Amino acid sequence: MKRDNRIAWINRLLLPLLNILTAFAVTAVLFWLIDVNPMEAAEVLLYGAFGYEEGIGYTIYYATNFIFTGLAVAVAFHAGLFNIGGEGQAYVGGLGAGLAILMLDPTLGAWVFIPASIIGALIFGGLWALIPAYLQAYRGSHIVITTIMFNFLAASFMVYLMVHVLRDTGQMTPQSELFPTNSWMPFVHDVAAGLGYSIEASPLNLSILLALVCAVLVWFFLWQTRWGFAIRATGKNGSAALYAGINPKHIIIVVMCLSGALAGLVSINELVGYQHRLIMDFHLGYGFGGIAVALMGRNHPLGIILAALLFGTLYQGGAELAFEMSNISRDIVVVMQGLVILFCGALDYMYRPWLIRYLAPVPKQEELSGVAV
């Protein structure tokens, strides 16, 4: 195997695996410190995520959200942009999806409602990302700062709308009226029942298919189109891309709108597929979790799907841990996520020099001299 291929194998597979194992090892130490048997905790976590049909449904349901936000972060990252605004973009995307349903005639069919809600989520999520993109491209504002600020702006904006504008009449809870039943994204267990199969009910719905389609489309866009080449070239070397005739301002606008649109699709899974109404804080955790998913998946759609499944496992398994073990709260999921982010992000290169040195060493000079040029 050539050295470049070995390095690629190390970066894409071995390094993320070691980072994840390190995060789990530190988690095991934390369990031991709070008098929890790490092996028993692991068994409970895995059983909660994959031990029964309902648990599997919840795991994939959570993973669907992380696929959307992971893809959103990855698209921006390929252009050299760090989109921290997935939380706000997902939240406002939910507004677009909800308004698209609530403003249409309730007698229309699902073939109108579901595409309309998807388009609404894409447009609103993309427009919310457009403002930070414009500030970065034409005013020099840093994308990290503006997207973080827009998360808080989205939260305040949605609180106002849910309390004073969209709240269902006669309800104290800040939530909209129930969506028409013909606008709901079909549940997987209902689809299976229609095909003659019986599986346990869970929130898992056909949004998982939308997430997988988005993953394929992102791969095709980034690696098989001229726009994708321009985006990756800008991310690798902005000066060289500019010299080659690529307009970085246009790239920033396009990439951030696409990133925000992908994040907005979280609302299709959460609101159209499960909650069936606009509610507050349906997005919490998925936007920031998407950063870790993208980092762990090496910003590739296939890696993001696998990383999203891991985070879905942590979400569902963590809930089982909190239920079964009295001295563990659901906050342990946040701790595990933080450790994965730490080792896959901040400490990503902790193992890399050692792995490169021993698994992909630089050829000796005398070996190179014998190679024909």
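Here are the numbers for the structure shown:
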read-out: Counted residues, the stretch 242-271 - those being out of contact with any strand residue (DSSP E or B) (no Cβ under 8 Å at 6 or more places or on another chain) and under 24 Å from Ile304 (Cβ atoms); value: 20
read-out: Hits in the stretch 338-361 - residues which are over 21 Å from Gly303 (Cβ atoms) and surrounded by 17 or more Cβ atoms within 10 Å (Cβ to Cβ); value: none
read-out: The listed residue being open to solvent by 10 Å² or more (accessible area, probe 1.4 Å) and in a loop (DSSP other than H, G, I, E, B), out of Phe77, Phe82; value: Phe82
read-out: So Tyr315, is it open to solvent by 20 Å² or more (accessible area, probe 1.4 Å), closer than 19 Å to Ile56 by Cβ and touching a Pro at 6+ places or on another chain (Cβ under 9 Å); value: no
read-out: Asn65 being at pLDDT below 90, part of a helix (DSSP H, G or I) and polar (S, T, N, Q); value: no
read-out: Ala42 vs. criteria hydrophobic (A, V, I, L, M, F, W, C), surrounded by 14 or more Cβ atoms within 10 Å (Cβ to Cβ), without any contact (Cβ under 8 Å) to a residue 40 or more places away in the chain and closer than 23 Å to Ile341 by Cβ; value: yes
read-out: Residue that is least open to solvent (accessible area, probe 1.4 Å) [pool: residues in the stretch 104-117 that are outside any loop (DSSP other than H, G, I, E, B) and of a type outside the set (Phe, Trp, Tyr)]; value: Ser117
read-out: Test: residue in the stretch 321-337 that is open to solvent by less than 30 Å² (accessible area, probe 1.4 Å), part of a helix (DSSP H, G or I) and modelled with pLDDT of 85 or more; value: yes
read-out: Given (1) part of a helix (DSSP H, G or I); (2) open to solvent by 10 Å² or more (accessible area, probe 1.4 Å); (3) modelled with pLDDT of 95 or more; (4) hydroxyl-bearing (Ser, Thr, Tyr), number of the condition Ser202 does not satisfy; value: (1)
read-out: Residues located in the stretch 144-180, provided they are among the β-branched types (Val, Ile, Thr) and either more than 18 Å from Gly85 (Cβ to Cβ) or surrounded by fewer than 17 Cβ atoms within 10 Å (Cβ to Cβ) (or both); value: Val144, Ile145, Ile148, Val159, Val163, Val165, Thr169, Thr173
read-out: Elements of type helices (runs of 4 or more DSSP H) contained in the stretch 220-307, each with 3 or more residues being closer than 24 Å to Leu339 by Cα; value: 286-296
read-out: Any hit, the stretch 275-287, residues being polar (S, T, N, Q), modelled with pLDDT of 80 or more and within 30 Å of Leu166 (Cα to Cα); value: yes
read-out: Residue selected from the stretch 210-236 under the condition exposed (fewer than 13 other Cβ atoms within 10 Å of the Cβ) and of a type outside the set (Ser, Thr, Tyr), by the criterion nearest to Gly55 (Cα to Cα); value: Val213
read-out: Unmet criterion (only one of (1) in contact with a helix residue (DSSP H, G or I) (Cβ under 7 Å, 6 or more places away or on another chain); (2) open to solvent by 70 Å² or more (accessible area, probe 1.4 Å)) for Met185; value: (2)
read-out: Of residues in the stretch 1-32 being at pLDDT 85 or above and over 23 Å from the mean Cα position of the chain (by Cα), the one farthest from Gln337 (Cα to Cα); value: Trp32
read-out: Set Gly55, Gly120: member being open to solvent by less than 40 Å² (accessible area, probe 1.4 Å), of a type in the set (Gly, Ala, Ser) and closer than 30 Å to Thr146 by Cα; value: Gly120
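Let's see how each residue does on (1) assigned to a helix (DSSP H, G or I); (2) touching a His at 6+ places or on another chain (Cβ under 6 Å); (3) under 18 Å from Ala263 (Cα atoms); (4) at pLDDT 95 or above:
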residue	(1), (2), (3), (4)
Thr146	yes, no, yes, yes
Ala154	yes, no, yes, yes
Tyr160	yes, no, no, yes
Asp168	no, no, no, no
Thr173	no, no, no, no
Ala192	yes, no, no, yes
Tyr197	no, no, no, no
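The values are calculated or read from the model by the stated rules, or taken from the named source; none is laboratory data. If you're wondering where the values come from, they're calculated on a predicted model, not measured in any experiment. Glycine gets a Cβ as well: all are built from the backbone with ideal geometry, and neighbour counts include every protein chain shown. Just the protein is used for accessible areas: all its heavy atoms, side chains included, with ligands, DNA and RNA removed. Shrake-Rupley method; radii C 1.70, N 1.55, O 1.52, S 1.80 Å.
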